[in-house]
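Notes to accompany the following structure.
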Amino acid sequence: KQEVTQIPAALSVPEGENLVLNCSFTDSAIYNLQWFRQDPGKGLTSLLLIQSSQREQTSGRLNASLDKSSGRSTLYIAASQPGDSATYLCAVLSIKAAGNKLTFGGGTRVLVKP
Amino acid sequence: DTGVSQNPRHKITKRGQNVTFRCDPISEHNRLYWYRQTLGQGPEFLTYFQNEAQLEKSRLLSDRFSAERPKGSFSTLEIQRTEQGDSAMYLCASSGRNDLGLAGGYWTGELFFGEGSRLTVL
């Protein structure tokens, strides 16, 4: 059974500092990995999708890496801004998962202080 | 707006009442998912449809829960005889083939989520 862990659960940084968010998963047989952003009381916004054959994806200030063999992904957010304050969730789509369902981590709650 | 749409956004009900949530997926997406999220936790899978067929149900989905997707378009999630433990955010997501003009297309596996329906059971 796939398990996804995100550490730390919460993170507070001053504005301008780079953010590093970690995600680990137990089964390396994955189809892809997605990073999402969630604002309080809202749904999930897709940030980056990394296919299993890829090592990283970039979008603006965001960069996500994937190391399938070690079961880890890292989301980097450069030059953080107060507007980056949100919960960040990673999710993996396992090849063996019936129904092709995503398994989510518990999220990292980020606060960027002005 | 062509994103995933969920209604109602917030439902407050008394214990024992029935509630129904609706999800309209992105047009032509053949895959539709329901997830449940409680405060401070990541979303948990409930059920999955491919077109109108319900192909997978989580053990979290007790007999009081039923989901349908008639005609393979919108979906409804009904909870009967609600309990306080049902209070959560119910998220719908859809997914489909990459249709960037490639012959046959392929499934990227990317899921697109709606804004969610928050249920509060008093």
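Laboratory data are not the source of any read-out in this text; all were calculated from the coordinates shown. Quick caveat, the model's predicted, so the values are computed rather than measured. With ideal geometry, Cβ positions are generated from the backbone for all residues, glycine too; neighbour counts draw on all protein chains shown.
Just a few scattered comments:
- The ellipsoid that matches the Cα gyration tensor of chain B has semi-axes, each √(5λ) in whole angstrom, of 27, 14, 13, with the longest given first.
- Principal axis dimensions, largest first and in whole angstrom, of the stretch A:19-83 by Cα: 35, 25, 16
- Residues of type aspartates and glutamates that residue A:101 reaches as a straight line, Cα spacing below 12 Å, ignoring anything fewer than 8 places off in the same chain: B:44, B:56, B:110
- Peptide B:46-58 has a mean of 2 when you count, residue by residue, the C-beta atoms of other protein chains within 10 Å of its C-beta.
- Counting only DSSP beta bridges with both residues in chain B, the antiparallel share comes to about 90 percent.
- Size descriptor, Kirkwood hydrodynamic radius, that averages inverse alpha-carbon separations across the stretch A:57-107, Å: 12.8
- Spatial extent of chain A: Rg and Dmax, with the Cα atoms as the point set, Å: 13.6, 44
- Working note: Debye formula, equal point scatterers on the alpha-carbon atoms of the stretch A:12-55, no solvent; log10 I(q)/I(0) at q = 0.22, 0.25 Å⁻¹ is -0.98, -1.06.
- Three principal axis extents describe the C-alpha atoms of the stretch B:31-100; from largest down they are 43, 26, 18 Å.
- For the pair residue B:51 and residue A:15, a Förster radius of 30 Å applied to the C-beta separation gives a FRET efficiency near 0.05, rounded to the nearest 0.05.
- Calculated FRET efficiency for the pair residue A:27/residue B:87, C-beta based, R₀ 30 Å, to 0.05: 0.45
- Set of the stretch A:37-53 residues, backbone N closer than 14 Å to the point 7 Å along the Cα-Cβ line of residue B:120: A:41
- Split chain A at each of the trypsin sites (Lys or Arg not before Pro) in a DSSP loop with at most 11 other beta carbon atoms within 10 Å, and the longest piece is A:2-54.
- Relative frequency of Cα-Cα separations exceeding 26 Å in the protein assembly as shown, percent: 39
- Residue-averaged beta-carbon neighbours from other chains (10 angstrom radius) around A:72-83: 0
- Sparse-neighbour loop sites [GluC sites (Glu not before Pro); the stretch B:11-87; at most 15 other C-beta within 10 Å; DSSP]: B:28, B:52, B:83
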